[in-house]
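Let me begin by presenting the structure, written as structure tokens, before commenting on it.
The values are calculated or read from the model by the stated rules, or taken from the named source; none is laboratory data. Keep in mind it's a predicted model, so treat the numbers as computed, not measured. All Cβ positions, even for glycine, are placed from backbone atoms using ideal geometry, and neighbour counts span all protein chains on display.
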Amino acid sequence: MGYFLQQLINGLTLGMIYGLIALGYTMVYGIIGMINFAHGEIYMIGAFLAVIGFTVLGLLGISYVPVALLIVLFTAMLFTAVYGWTLERVAYRPLRSAPRLAPLISAIGASIFFQNYVQLAQGARVKPIAPVISGGYTVFEEGGFTVQLSYVQILIWLLTLALMVAFALLIQRTSLGRAQRACEQDRAMASLVGIDVNRTISLTFVIGATLAAVAGVMVTLYYGVVDFYIGFLAGIKAFTAAVLGGIGSLPGAMLGGLILGLVEAFWSAYFSVEYKDVAAFTILVLVLIFKPSGLLGRPEVEKV
Amino acid sequence: MVANPNTAPRIDIAALLKDAALTAAVAFALALPLIGFRTVDDPAGLGIETRFDWVATGVGAVFLGRLLLSWLFALRGQRPAVGSGWLAHARAQLDPHMKWIALAGMLFAFLLPFLPFSSRYTIDIATTVLIYVMLGWGLNVVVGLAGLLDLGYVAFYAVGAYSYALLAVTFNLSFWECLPLAGLFAAFFGILLGFPVLRLRGDYLAIVTLGFGEMIRIILLNWVPVTRGPDGVSGIPRPSFFGLPFTANPPEGVTAFHEFFGIAYAGSHRVTFLYFLILLLALITNLFTLRIRRLPVGRAWEALREDEIACRALGINPTNTKLTAFAIGAMFGGFAGAFFATRQGFISPESFTFIESATILAIVVLGGMGSQIGVVIAAVLLILLPELGRELAEFRMLLFGAAMVLIMAWRPRGLLAHREPSMRLHSRNHRGES
């Protein structure tokens, strides 16, 4: 029971991180119908910015955790947003009317570029940082096994939930959200009624990038190590989460992330750690076969 | 469209400067955190090293570069329209002679080992290029003809390589016995994967195939009793020339290649033989593709690529049709994999990462989907150039990624786009109108 509970906690935490990345996928997919292949790298850059940020702050002597955390979070979001914007500008906008495969290739190219850029700029070694937030609550003890809920996990949960609420409000209540939903439905029509489509798409990438940056910072806090290769797998899994929840659906992305995180945690705990990625892909395949529109997605009707 | 040369375009210097400054500002924001600060390993955790001079140099270069570029564009009157220009023009000129160009290329490929400048090194590189040409042609069946986006093609390559390696090492089967088996296994995996997922739309298919590619790699890494895990399979036997091995001192009772032909032993014999082997395999792939395009199934692939709903209405079973494309593409991947294994003599899961799939797909898409010659050109570009740029070693992949983005922005349909259907109801009296 204790073991199970611990895995539940770990899985939920992992799921929240996947969910944050998945939101970026699902938004971009919703608005331009493309898989943003380089989104995982954006998340990786966010994680690196967190490592650099915490190290610089540590050297400057700012060690009061809430202040350091806020500074790192904001700088990471800001700079990652620029990366997201640039990605859209360079790899997607010139290809908006091109055949479907072209943006995918350019996104894969951008992904390779970012990976190697970070590797060259920061070195290929794994970057460890000293734990910024340590300690946690003991939920309960049972026969020598303690179930821990660490402060970092609580932070991840609270932050993710807060971002979800803010995000839902943004989509539903603001003019940007309305513009986004309009572009999702019909880009040509939206531009006819005066919506700046380019700006809306750019902002979508920017928002997706900031969410990925938060996920990157959280992952740095949670695991304490970062390397230039983490973006690839995280990217695929977050996409899996987005598809699982129904691509284009925002609550779906979160739900998909949580399910994926739980499956991974339980699979590693009860079956084998080596094959946890295989488990994630198996789920993806099963979902696509039996419910291609995802758990919360609308079925797509193809019209002639 | 060509700008009228009589009216010199007015250049708004202020706007250009503003544009360049904005670009430089973005470059600054991009470079500052990741290049300006470098984390270094420190006994006490991580240290930081600042490199603001690099950032300044980079931002300055971006500013000047952007200014120069937009000034040039302004001089030309307008930005060149995507897809037009000298390349399209050159292509229109060359198009009627494509057959001869292809023949000349083939002749060159056949003569390459005997040309005066070719060394063991050139033949080695040419062999590598040909492996990618073959993989590109194989994937072209799936992506170019049937229009199915496969991001996990390397899985079939891996299946082919491992089936040859394991069969040869475990059961002492020869290369020639294993080659068809490797192709069969790969095709079988293609069907196995294809069966559940081919009902999916393009993008989903891409991700599932990507996941499949990773799954195969993870299984190869972790199923140690069979695949020997991360250590890989070594001591894979080399192919023989109709039973004549390429060894200096053959075992008792076996005639070696050089003894049979009465020539002195040279290590280059095997290299040359491998080169011709892959050339032959690649040409078979090409011939097969060109012929199957004319068969009903090939025409169904192309029709499916253009409009799936119309195909269904006409009674083509999309799943079966896609499945054949998938299986045939996978089979060629398997052949190429078997060749790769015999050439290297050693394989490990390291050789079958996603980056390989991405490279092969990039070759197909950059070459222009469906174009066989485009695949050759793109393979030469993408494999030969990084090979020649070995001095740039660490920047190789960085430039590779950048090149993929830039070439796509420059020619979204690939270098030689080929979407002409192989068959027409009423053949046009003259080409080049579409």
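Determine whether the range B:205-223 contains at least one residue that is of a type in the set (S, T, N, Q) and either facing chain A (nearest Cβ under 10 Å) or without any contact (Cβ under 8 Å) to a residue 24 or more places away in the chain (or both).
Let us first name the residues in the range B:205-223 that are of a type in the set (S, T, N, Q), namely B:209, B:222.
Those left that are additionally either facing chain A (nearest Cβ under 10 Å) or without any contact (Cβ under 8 Å) to a residue 24 or more places away in the chain (or both): B:222.
Checking the range B:205-223: at least one residue is of a type in the set (S, T, N, Q) and either facing chain A (nearest Cβ under 10 Å) or without any contact (Cβ under 8 Å) to a residue 24 or more places away in the chain (or both).
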Original post:
Do the conditions hold for B:G194, that is, is it over 17 Å from B:L281 (Cα atoms), assigned to a helix (DSSP H, G or I) and touching a residue at least 24 places away in the same chain (Cβ under 8 Å)?
Top reply: yes
Subject >> So A:I112, is it more than 18 Å from B:A31 (Cβ to Cβ), within 8 Å of chain B (Cβ to nearest Cβ) and in a helix (DSSP H, G or I) >> reply: yes
**OP:** Starting from residues that are without any contact (Cβ under 8 Å) to a residue 12 or more places away in the chain and either over 21 Å from the mean Cα position of the chain (by Cα) or over 21 Å from B:F339 (Cβ atoms) (or both), keep the ones in the range B:260-305 and report whichever is farthest from the other protein chains (Cβ to nearest Cβ).
**Re:** B:G262
Original post:
Quick check: is even one residue across the range B:149-164 farther than 30 Å from B:L200 by Cα and of a type in the set (D, E, K, R)?
Top reply: no
**OP:** Among the residues of the range B:220-237, write down those that are surrounded by fewer than 18 Cβ atoms within 10 Å (Cβ to Cβ) and over 13 Å from B:A158 (Cβ atoms).
**Re:** B:N222, B:V224, B:P225, B:V226, B:G229, B:P230, B:D231, B:S234, B:G235
Subject >> Residues of the range A:132-146 that turn out to be within 24 Å of the chain's Cα centre (by Cα) and surrounded by 12 or more Cβ atoms within 10 Å (Cβ to Cβ), as a count >> reply: 2
Original post:
What helices (runs of 4 or more DSSP H), lying completely within the range B:39-138, carry at least 2 residues that are modelled with pLDDT of 75 or more and over 30 Å from A:F228 (Cα atoms)?
Top reply: B:52-75, B:98-111
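Quick grid of which residues meet (1) at pLDDT below 80; (2) basic (K, R); (3) crowded, with 17+ Cβ neighbours inside 10 Å; (4) over 17 Å from B:V375 (Cβ atoms):
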position	(1), (2), (3), (4)
B:A264	yes, no, no, yes
B:G267	yes, no, no, yes
B:T272	no, no, yes, yes
B:F276	no, no, yes, yes
B:L287	no, no, no, no
B:A300	no, no, yes, yes
B:L304	no, no, yes, yes
B:A310	no, no, no, yes
**OP:** Could you grab the pairs with beta carbons closer than 7 Å, sequence gap of 6+ or different chains, first residue in the range B:96-118 and assigned by TED's automatic domain parsing to the domain that holds B:L290, second one modelled with pLDDT under 75?
**Re:** B:I101/B:L94; B:L112/B:S118
Original post:
Counting just the residues of the range A:63-105 that are without any contact (Cβ under 8 Å) to a residue 40 or more places away in the chain, under 23 Å from the mean Cα position of the chain (by Cα) and more than 11 Å from chain B (Cβ to nearest Cβ), which one comes out surrounded by the most Cβ atoms within 10 Å (Cβ to Cβ)?
Top reply: A:I71
Original post:
Which one of these does A:F266 not meet: (1) within 12 Å of chain B (Cβ to nearest Cβ); (2) part of a helix (DSSP H, G or I)?
Top reply: (1)
Subject >> Residue selected from the range B:164-186 under the condition of a type in the set (G, A, S) and buried (at least 24 other Cβ atoms within 10 Å of the Cβ), by the criterion nearest to B:T342 (Cα to Cα) >> reply: B:A165
Original post:
Given the conditions (1) surrounded by fewer than 19 Cβ atoms within 10 Å (Cβ to Cβ); (2) without any contact (Cβ under 8 Å) to a residue 60 or more places away in the chain; (3) more than 14 Å from chain B (Cβ to nearest Cβ), which single one is not true for A:L120?
Top reply: (3)
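Among the residues of the range B:312-324 satisfying the criterion of being within 14 Å of another protein chain (Cβ to nearest Cβ) and within 22 Å of B:F188 (Cα to Cα), which is surrounded by the fewest Cβ atoms within 10 Å (Cβ to Cβ)?
If we take residues in the range B:312-324 being within 14 Å of another protein chain (Cβ to nearest Cβ) and within 22 Å of B:F188 (Cα to Cα), then B:T319 is surrounded by the fewest Cβ atoms within 10 Å (Cβ to Cβ).
Report whether or not B:F346 is under 20 Å from B:L130 (Cα atoms), modelled with pLDDT of 80 or more and surrounded by fewer than 18 Cβ atoms within 10 Å (Cβ to Cβ).
Numbers: under 20 Å from B:L130 (Cα atoms): yes; modelled with pLDDT of 80 or more: yes; surrounded by fewer than 18 Cβ atoms within 10 Å (Cβ to Cβ): yes.
So B:F346 passes the test.
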Subject >> Condition check for B:A327: assigned to a helix (DSSP H, G or I), away from chain A (no Cβ under 14 Å) and touching a Cys at 6+ places or on another chain (Cβ under 7 Å) >> reply: no
